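The next block holds one structure in the form of structure tokens; read it before the comments.
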Amino acid sequence: MENKNFDIAIIGAGPAGSSAALTLQKSNCSVALFEKAEFPRNKICGDGVCDRSINTLKAINPAYLEEFLAKIKSLCVHNTELVYKGRSYVIDFKSFGYTCRRRDFDNFLFSLVQRDCKNVSVFQNCGIKSVERVSDGMRLTADNGDVFNAKMVLVCNGASSKIARELTGTTFDKNKTGVAVRAYYSGVKGLNNNTIELHYKKEYFPGYLWVFPMADGTANVGFGCHLKENSIGDADIREVFQKWIDEDPVLKERFAEAVPEGSVQGGLVPYNSNEFNCYGDNFCICGDAANLIDPISGGGIGSAMVSGYFAAQQAEKCILQNDCSKKATEEYAKTLKKRVEREMRVRYSIQKIVARHTWLLDVLAFVGKQNRILEKIKNWYF
């Protein structure tokens with residue numbers, strides 16, 4: 001088998017991997033982008049594209065945001081409606097985000113790589129099963145047996161990344177992981193195209209049921225909860241999700257004529273616990289593989305994209321300086337930590353405290369009646 005040699009190998013072509021490849025398009029580095037599936041491919045997600053995603057896209061190339069808005073069906077969203085015990089609290093963002101189908105968004109980013117990144121060799125239907133350190137970098141072995149060599153590896157292949165765990169010496173941690181399911185529905189009543197909805201119950205916090213309006217008139221509806229903290233026990237999360245819709249008086253009425261499009265699908269949600277074990281000799285880890293999902297909102301696209309952006313910049317420096325050591329790649333972790341540490345520390349603390357003292361939800365709901373207090377909480381949180 002013929003070995004193929006690259007300066008930088010990127011494993012996974014989702015938002016983190018594609019953002020990394022796009023960041024490297026004007027570098028002098030030879031880059032390989034590996035994707036186990038073939039685009040366009042589905043991805044389980046709430047379909048919320050936050051301001052961090054937009055800002056990263058603009059940082060890579062301002063024209064990409066204009067192209068996104070012109071090509072992808074999306075809704076611009078400014079508000080979040082929080083629903084608890086039948087009470088509704090609407091919070092306006094300091095900025096804004098979009099909802100669009102994750103399949104479309106990922107395919108858009110990947111198509112930009114194919115079109116604009118002349119220095120990137122793309123390998124679809126090519127999963128990487130192992131990465132091992134060799135004298136001059138890393139050796140990657142694909143599922144089909146093909147072997148590739150790279151001086152730097154960016155691991156961007158998602159929440160279940162075996163490669164990330166092996167490189168960092170970590171194991172799956174139930175305490176820092178959630179699980180979520182979602183489905184698309186047509187015919188949901190009362191959707192507000194400017195507002196996403198988060199519905200809470202004490203027994204499922206940290207977790208919630210969401211209703212996100214989509215540009216085609218459908219809604220992305222799902223439910224997620226913490227693997228350790230939730231009280232669903234041995235129940236199927238899909239059954240808990242459906243029971244919530246069927247038994248909540250308001251949701252029951254709104255979904256009376258709703259029709260699901262396809263099946264309910266789910267996946268793991270690796271929360272950020274303000275730890276950044278995401279670098280080492282000849283590698284950086286990005287996105288869900290680095291446990292960068294917001295511990296309160298469950299959002300991960302923005303952190304995935306910005307981590308891919310920072311990792312690519314550091315990888316290029318490593319190649320130019322001929323230094324891919326752990327000391328060099330630590331700069332990536334420092335940059336990422338500086339960007340997201342404060343909010344993740346605050347939000348992970350909120351998650352742990354409220355999960356152990358769920359009566360605080362009633363307190364928050366009570367003070368939420370006071371607009372001034374609600375505004376202070378919003379400013380502190382966002």
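Listed by first and then second residue, the pairs linking a residue in region 24-37 that is open to solvent by 10 Å² or more (accessible area, probe 1.4 Å) to a residue that is of a type in the set (Ser, Thr, Tyr) and at pLDDT 95 or above, with Cβ atoms under 8 Å apart and 6 or more places separating them unless they lie on different chains, are SER30/SER121. In region 122-162, how many residues are assigned to a strand (DSSP E or B) and surrounded by 15 or more Cβ atoms within 10 Å (Cβ to Cβ)? Counting residues in region 122-162 that are assigned to a strand (DSSP E or B) and surrounded by 15 or more Cβ atoms within 10 Å (Cβ to Cβ) gives 18. For region 314-331, the set of residues classified as open to solvent by 40 Å² or more (accessible area, probe 1.4 Å) and assigned to a helix (DSSP H, G or I) consists of GLU316, LYS317, LEU320, LYS326, LYS327, GLU330, GLU331, listed by residue number.
In the set (1) modelled with pLDDT of 95 or more; (2) within 22 Å of ASP288 (Cα to Cα); (3) in contact with a Leu (Cβ under 6 Å, 6 or more places away or on another chain); (4) open to solvent by 40 Å² or more (accessible area, probe 1.4 Å), ALA215 fails one condition alone, (2).
Considering (1) open to solvent by less than 10 Å² (accessible area, probe 1.4 Å); (2) within 17 Å of LYS118 (Cβ to Cβ); (3) in contact with a strand residue (DSSP E or B) (Cβ under 6 Å, 6 or more places away or on another chain), the lone condition that VAL49 does not fulfil carries the number (2). Condition first: without any contact (Cβ under 8 Å) to a residue 40 or more places away in the chain, open to solvent by 40 Å² or more (accessible area, probe 1.4 Å), among the charged types (D, E, K, R) and over 22 Å from GLY300 (Cα atoms). Can you find one or more residues in region 69-91 that meet it? Checked region 69-91: at least one residue is without any contact (Cβ under 8 Å) to a residue 40 or more places away in the chain, open to solvent by 40 Å² or more (accessible area, probe 1.4 Å), among the charged types (D, E, K, R) and over 22 Å from GLY300 (Cα atoms).
Kindly provide the set of residues from region 321-339 that are in contact (Cβ under 8 Å) with a residue 12 or more places away in the chain and either within 25 Å of GLY137 (Cα to Cα) or of a type in the set (Gly, Ala, Ser) (or both), ordered by number. Don't jump to the end; show me each part of the working.
Filtering region 321-339 down to residues in contact (Cβ under 8 Å) with a residue 12 or more places away in the chain leaves 324-326, 328-333, 335-337, 339.
Residues satisfying the conditions are CYS324, SER325, LYS326, ALA328, THR329, GLU330, GLU331, TYR332, ALA333, THR335, LEU336.
Every residue, every condition in (1) within 13 Å of MET305 (Cβ to Cβ); (2) at pLDDT below 95, yes or no:
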position	(1), (2)
ILE60	yes, no
ALA63	no, no
LYS94	no, yes
ASN107	no, no
CYS117	no, no
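Filter region 163-208 down to residues that are small (Gly, Ala, Ser) and open to solvent by 30 Å² or more (accessible area, probe 1.4 Å) and give me whichever is nearest to CYS284 (Cα to Cα).
Going through region 163-208, the residues small (Gly, Ala, Ser) turn out to be 164, 169, 178, 180, 183, 186-187, 190, 207.
Filter once more, keeping what is open to solvent by 30 Å² or more (accessible area, probe 1.4 Å): 169, 186-187, 190.
Working: GLY169: 14, SER186: 41, GLY187: 44, GLY190: 44 Å.
The qualifying residue nearest to CYS284 (Cα to Cα) is GLY169.
Here's the yes/no breakdown for (1) in contact with a strand residue (DSSP E or B) (Cβ under 7 Å, 6 or more places away or on another chain); (2) more than 19 Å from PHE105 (Cα to Cα); (3) hydroxyl-bearing (Ser, Thr, Tyr):
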site	(1), (2), (3)
LEU268	yes, yes, no
CYS284	yes, yes, no
ILE301	yes, no, no
SER307	no, no, yes
ALA311	yes, yes, no
GLU316	no, yes, no
LEU320	no, yes, no
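Residues to consider are LYS26, LYS58; find the one that is out of contact with any helix residue (DSSP H, G or I) (no Cβ under 9 Å at 6 or more places or on another chain) and under 30 Å from CYS318 (Cβ atoms). Result: LYS26 is the single residue among LYS26, LYS58 that is out of contact with any helix residue (DSSP H, G or I) (no Cβ under 9 Å at 6 or more places or on another chain) and under 30 Å from CYS318 (Cβ atoms). Count of region 138-194 residues, restricted to those that are under 30 Å from VAL250 (Cα atoms), of a type in the set (Lys, Arg) and in contact with a strand residue (DSSP E or B) (Cβ under 8 Å, 6 or more places away or on another chain), is 1.
Of all residues in region 170-211, those satisfying the criterion of being in contact with a helix residue (DSSP H, G or I) (Cβ under 7 Å, 6 or more places away or on another chain) and within 19 Å of ARG101 (Cβ to Cβ) are VAL181, VAL188. As a summary of the residue check, ASN42 satisfies the conditions (1) modelled with pLDDT under 95; (2) out of contact with any Asp or Glu (no Cβ under 7 Å at 6 or more places or on another chain); (3) surrounded by 16 or more Cβ atoms within 10 Å (Cβ to Cβ) except for the one numbered (3).
Determine whether region 23-38 contains at least one residue that is within 14 Å of ARG103 (Cα to Cα), more than 13 Å from the chain's Cα centre (by Cα) and at pLDDT 95 or above. Checked against the condition, which is being within 14 Å of ARG103 (Cα to Cα), more than 13 Å from the chain's Cα centre (by Cα) and at pLDDT 95 or above, region 23-38 yields at least one hit.
For region 7-22, the set of residues classified as of a type outside the set (A, V, I, L, M) and surrounded by 24 or more Cβ atoms within 10 Å (Cβ to Cβ) consists of GLY12, GLY14, PRO15, GLY17, SER18, SER19, listed by residue number.
One line per residue, one yes/no per condition, for (1) of a type in the set (Phe, Trp, Tyr); (2) crowded, with 24+ Cβ neighbours inside 10 Å; (3) within 23 Å of the chain's Cα centre (by Cα):
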residue: LYS252; (1), (2), (3): no, no, no
residue: GLU257; (1), (2), (3): no, no, no
residue: PRO260; (1), (2), (3): no, no, no
residue: SER263; (1), (2), (3): no, no, yes
residue: CYS286; (1), (2), (3): no, yes, yes
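Within the span defined as region 238-259, one or more residues are assigned to a strand (DSSP E or B), touching a strand residue (DSSP E or B) at 6+ places or on another chain (Cβ under 8 Å) and at pLDDT 90 or above.
The values are calculated or read from the model by the stated rules, or taken from the named source; none is laboratory data. Since the structure is predicted, the reported quantities are computational estimates derived from the model, not experimental observations. Positions of Cβ are generated from backbone atoms using ideal geometry, with glycine treated the same way; all protein chains shown enter the neighbour counts. Side chains included, ligands, DNA and RNA excluded: accessible areas come from the protein's heavy atoms. Shrake-Rupley method; radii C 1.70, N 1.55, O 1.52, S 1.80 Å.
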